[in-house]
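**Q** Mind having a look at this structure? Questions to follow.
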Amino acid sequence: MKTIHITIYGPGCTRCTTLVRHAEEAVRTLPGRFVIEKISNPLEIAKAGIFNTPAIAVNGTVVRQGKVPSVEQLRELIQDSLDIESATTVTPKNEVTTCSCGCGCQRADSNSKSSTNQESKTESTPGKGLKTALLLIGFGALAVAALKQIQQEAPVEPVSTPAPIVADNSAELVYFTFGKRCPTCRRMEQWAKDVAIEMGIAFVQKEADADQVKLYGLTTKSLILRYGQNGKKWEKLSRIWELNRDETAYKQYVREQINAYITR
């Protein structure tokens with residue numbers, strides 16, 4: 001019986017632990033022999049091409065990043081991945097894997113003698129091969145022209161550098177609110193949450209009380225980075241309101257602050 005490898009990638013946070021537990025429960029009702037491996041080394045996570053933890057892979061193929069699926073959802077993801085793997089590796093008994101012309105299109109049908117005979121007749125017809133070649137060349141030229149047109153019209157998107165993995169599991173971003181909330185406030189909260197998920201640290205949104213207002217010097221909705229043992233160390237990310245109209249700059253600023261203050 002083939003062994004199926006399930007790999008959980010994550011720094012070891014609560015969400016990572018939950019994902020491991022869900023995976024263990026999901027495979028209990030699936031046929032086969034499963035081995036679940038947990039990887040928390042940031043370098044290994046980066047080598048796997050993962051920048052949004054926790055993540056799960058089935059036989060080396062990443063099937064979900066940045067979210068913790070339910071047991072049922074995880075069971076379906078694993079089964080779907082195995083079905084796709086099986087479909088791409090198993091060749092039907094009567095299927096011919098290459099066509100008669102040797103181009104590798106894998107469309108030959110050994111069960112249809114009439115089809116094969118017809119192809120032989122077609123190939124033997126004078127001038128047919130030349131006409132086919134000319135048609136292919138014409139279609140190729142049209143495809144190249146269409147591709148150039150699409151490239152000229154399509155906007156060029158900037159290439160973003162993936163954020164490094166943060167290994168301090170005690171770190172968290174806390175978005176403090178009080179009073180009436182506006183669309184800008186809610187938008188900044190979501191951007192901060194996106195960065196926290198991306199970098200594998202906790203995110204909390206809470207109503208500030210009098211003690212927190214005094215401790216952090218809060219005068220409006222604010223984003224606080226808490227880190228170290230029991231969150232005793234903290235930094236107020238004071239530029240979020242200055243960058244509230246630029247999502248890219250806002251997120252980059254939050255990433256830089258996390259990297260600057262958290263010991264990795």
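**Q** Based on the Cβ-Cβ distance of T18 and V62, what FRET efficiency does E = 1/(1 + (r/R0)^6) give at R0 = 25 Å, to the nearest 0.05?
**A** Working: r = 18 Å, r/R0 = 0.72.
E(calc), rounded to 0.05, equals 0.90.
**Q** Where the only charges are on Cβ atoms (+1 Lys, Arg; -1 Asp, Glu), what is the dipole of region 3-89 about its Cα centre, to the nearest 20 debye? Write out the running numbers ahead of the final one.
**A** Numbers: 9 positive and 9 negative charges, 55 e Å.
About 260 debye.
**Q** Can you classify region 1-57 as rounded, prolate or oblate using the Cα gyration tensor, where a ≥ b ≥ c are the square roots of its eigenvalues, rounded means a/c under 1.5, and otherwise it's prolate if a/b beats b/c and oblate if not? Spell out each step's value before the answer.
**A** Numbers: a/c = 2.92, a/b = 1.60, b/c = 1.83.
Oblate.
**Q** Can you put V174, V63, V35 in order of Cβ neighbours within 10 angstrom, beginning with the fewest? Working shown, then result.
**A** Details: V174 21, V63 17, V35 10.
Least crowded to most crowded, the residues run V35, V63, V174.
**Q** First measure r as the distance between the Cβ atoms of Q190 and R33, then evaluate 1/(1 + (r/R0)^6) with R0 = 35 Å and state the FRET efficiency to the nearest 0.05. Intermediate values should be presented prior to the final figure.
**A** On the way: r = 42 Å, r/R0 = 1.20.
Working from the Cβ atoms, E equals 0.25.
**Q** Return the distance in nm (one decimal) between the two label points of a simple spin-label model at D246 and K180, each offset 7 Å from Cα along Cα→Cβ.
**A** 3.0 nm
**Q** Which links in K67/K180; K206/K251; K2/K38; K206/K233; K180/K251 stretch past 28 Å when you go from one Cα to the other?
**A** Numbers: K67/K180 30 Å; K206/K251 20 Å; K2/K38 20 Å; K206/K233 18 Å; K180/K251 24 Å.
Check vs 28 Å cut-off fails for K67/K180.
**Q** Continuing with this model, one more query. Is region 213-264 best put as rounded, prolate or oblate by its Cα gyration tensor, with a ≥ b ≥ c the root eigenvalues, rounded for a/c under 1.5, and otherwise prolate when a/b is larger than b/c, oblate when not?
**A** oblate
**Q** What residues qualify as long-range amide H neighbours of I56, i.e. H under 5 Å apart, gap of 5 or more or another chain, H built at 1.01 Å from N?
**A** Here the answer is Y9, V63, R64, since their amide H atoms fall under 5 Å of that of I56.
**Q** For E256 and S86, calculate 0.36 nm times their separation in residues minus their Cα-Cα distance, and state this gained length in nm to one decimal. Could you put the intermediate results ahead of the total?
**A** Numbers: separation 170, 0.36 × 170 = 61.20 nm, distance 4.33 nm.
Gain on extension, E256 to S86, equals 56.9 nm.
**Q** For a quick check: sort C13, C185 by the number of other beta carbons within 10 angstrom, fewest at the front.
**A** On the way: C13 19, C185 16.
Ascending number of Cβ neighbours within 10 Å: C185, C13.
**Q** Using a 10 Å cut-off around each Cβ, can you sort H22, H5 from fewest to most neighbouring Cβ atoms? Numbers along the way, then the final one.
**A** Values: H22 20, H5 12.
Lowest to highest Cβ neighbour count: H5, H22.
**Q** Also, quick follow-up: Label points 7 Å out from Cα along the Cβ direction at V204 and E25: separation in nm?
**A** 2.5 nm
**Q** A follow-up question, please. Rounded to the nearest 0.05, what FRET efficiency do L215 and L43 have when you use their Cβ-Cβ distance and R0 = 22 Å?
**A** Working: r = 36 Å, r/R0 = 1.65.
Computed FRET efficiency for L215 and L43 comes out at 0.05.
Values quoted throughout were computed directly from the atomic coordinates according to the rules given, and no laboratory measurement underlies them. What you see is a predicted model, and the numbers here were worked out from it, not measured in a lab. Note that each Cβ is placed from the backbone with ideal geometry, even for glycine, and that neighbours are counted across all protein chains shown.
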